[in-house]
Amino acid sequence: MEMLTYHDIIIMNCTENGSEGKTYTYFSSVPKIFPGEERPYDFVMKVDDDAYFRLDKLYEALRDKPREDTYLGKGYPPLDQDYPPYLVGMGYALSWDLVLWIAESKFARDNTHGVEDITLAMWLNVGGKGKNRFNMREKMYDFHGIEAKDFPNDTIAVHVLKNDFTWMATLKNFNKRDGLDPSPFYHV
């Protein structure tokens, strides 16, 4: 129903995996969905299903960023000159031109296997792409507790929400449960 109503779900012709080409399949498929359109989106994002993204904070982070050659997410280890720069797989945004480049790149197409976030960064590094890199490390983090201090107000994303408890603690902290009726399916 979600897909039929909102047209916001993509079913890809690949098996679920983190190292066998799913990321390439995703990014190379997106331009085919919008053929002939001149930049239908400024950014395309890949997000893990165990991550909660605060869209208002994500918008704030992207609002003033260049619309070309941009790669934004959480750098790990921190982006520096001593380590090949990559952004972790919890979620990262690519400007539309980078998505088009991935879809057309023989190098990306021929090098799809490996840890997905490092593989994507390798494509960009070898191709001389993604020169505008933004590390949101302080605003995108793994779940590490339920206290208010564990959820800074400028948080963009919380990752590793592997069970109902971590999801509900995160949603409760950001007041995303206000106005919702209690559910018998969780006890938080």
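Some points to look at:
- Within the range 34-47, residues that are in a loop (DSSP other than H, G, I, E, B) have Cβ atoms under 6 Å from residues that are crowded, with 16+ Cβ neighbours inside 10 Å and not hydroxyl-bearing (Ser, Thr, Tyr) in these pairs: Arg39/Trp96; Tyr41/Trp96, counting only partners at least 6 apart in sequence or on another chain.
- So Leu161, is it touching a residue at least 60 places away in the same chain (Cβ under 8 Å), surrounded by 16 or more Cβ atoms within 10 Å (Cβ to Cβ) and over 24 Å from Asp42 (Cβ atoms): yes
- When Trp123 is tested against (1) under 22 Å from Gly18 (Cβ atoms); (2) surrounded by fewer than 21 Cβ atoms within 10 Å (Cβ to Cβ); (3) more than 13 Å from the chain's Cα centre (by Cα), exactly one condition is not met: (2).
- Of everything in the range 109-118 that is within 27 Å of Thr155 (Cβ to Cβ) and crowded, with 18+ Cβ neighbours inside 10 Å, the residue that is farthest from the chain's Cα centre (by Cα) is Glu116.
- Only a single item in (1) at pLDDT below 95; (2) within 22 Å of Ala61 (Cβ to Cβ) is not met by Ile146, and it is number (2).
- Pick from the range 5-33, criterion in contact with a strand residue (DSSP E or B) (Cβ under 9 Å, 6 or more places away or on another chain) and free of Cβ contacts under 8 Å to residues at least 24 places away in the same chain, ranking: surrounded by the most Cβ atoms within 10 Å (Cβ to Cβ): Tyr26
- Condition met for Tyr71 (at pLDDT 85 or above and surrounded by fewer than 19 Cβ atoms within 10 Å (Cβ to Cβ)): no
The values are calculated or read from the model by the stated rules, or taken from the named source; none is laboratory data. Owing to the predicted nature of the structure, the values given are computational and were not obtained by experimental measurement. Note that each Cβ is placed from the backbone with ideal geometry, even for glycine, and that neighbours are counted across all protein chains shown.
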